[in-house]
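The values are calculated or read from the model by the stated rules, or taken from the named source; none is laboratory data. Just so it is clear, the structure is predicted and the values come from calculations on it, not from any experiment. Cβ atoms come from the backbone with ideal geometry, glycine included; neighbour counts cover every protein chain shown.
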Amino acid sequence: MTLHENSTQTKRGFVQNRKICGVTFVQASKSISSLLLPVMLGIFTVVITVNQQNATKQQREEDQKAAEENRRVERDIAAERYRDDIFDAYIKGIGQLFEKYNGSLISNRVPMTLARAKTLNIFRRLDPQRNIRIIRFLHESEQLSGTIEQISLDLSTAELPGIDFRHLAIYRKQLDNISLASTFLSNATFINVGMKHVNFSRTRFNDSSWSSAQLENAEFTFAELHN
């Protein structure tokens, strides 16, 4: 065999081998692609599903928080409405007693007993802001006299937390002629309040603030101050 023939045969074998290798590579590529495509689709599906689940969970949590906040607001509104209603009912009831007993709750035992029961009951059900309004109402109607000569509505045993007596004082400075004898006052504020003819005998004070308060003719017999 001549050199030329050998060269030609070698080239034919090389081309044939390349062709065989090329076919093998393409087939392998197709096989790999056919295997990878489902895997990639599966991974993509899992990622999308997880993201959707996370988004759904987050939205559900946000909806729950919003619903809880709405319920809290509704409860607060209902509680405020309830307090307003019982406050108005108390004022109306006491007003009827005033009309029936000629403008005085302390003229005899019947209106005094009724007013005491109503007032102690309402104190337990209301907040400090409304309780101070009740005390102001009774004080301005002269039912809580702080002088020995006058009878005062008996509010003994009343528990009154968080009362700021500056809201009772004229211009938040002066509070005269009031009796809260034998009551329990916790976290009460008397800062910068001047007081004359006040009766706090047998009253128990817990954590009260008296800075710059001025007292004149004040009765504190058997009172207890705890800070």
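Values for this structure:
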item	result
Near pairs, Cβ below 6 angstrom, 6+ apart or cross-chain, from the stretch 121-135 (over 17 Å from Glu80 (Cβ atoms)) to any residue that is in a helix (DSSP H, G or I)	Phe123/Asn131
Number of the exception - Gln64 against (1) assigned by TED's automatic domain parsing to the domain that holds Ile122; (2) without any contact (Cβ under 8 Å) to a residue 24 or more places away in the chain	(1)
Filter pass, Thr189 being under 28 Å from Glu99 (Cα atoms), surrounded by fewer than 20 Cβ atoms within 10 Å (Cβ to Cβ) and either aromatic (Phe, Trp, Tyr) or in contact (Cβ under 8 Å) with a residue 24 or more places away in the chain (or both)	no
Answer residue from the stretch 156-170, given it is part of a loop (DSSP other than H, G, I, E, B) and β-branched (Val, Ile, Thr) and is surrounded by the most Cβ atoms within 10 Å (Cβ to Cβ) among those	Ile163
Test: residue in the stretch 62-84 that is part of a helix (DSSP H, G or I), more than 26 Å from the chain's Cα centre (by Cα) and either β-branched (Val, Ile, Thr) or surrounded by fewer than 10 Cβ atoms within 10 Å (Cβ to Cβ) (or both)	no
Check on Leu144, crowded, with 17+ Cβ neighbours inside 10 Å and within 24 Å of the chain's Cα centre (by Cα)	no
Single match in Glu142, Glu99 (criterion: in a loop (DSSP other than H, G, I, E, B) and among the charged types (D, E, K, R))	Glu142
Per-region count, the stretch 171-219, residues under 14 Å from Ser156 (Cα atoms) and outside any strand (DSSP E or B)	8
Residue in the stretch 157-169 that is on the phi < 0 side of the Ramachandran plot, touching a residue at least 40 places away in the same chain (Cβ under 8 Å) and in contact with a strand residue (DSSP E or B) (Cβ under 9 Å, 6 or more places away or on another chain) present	no
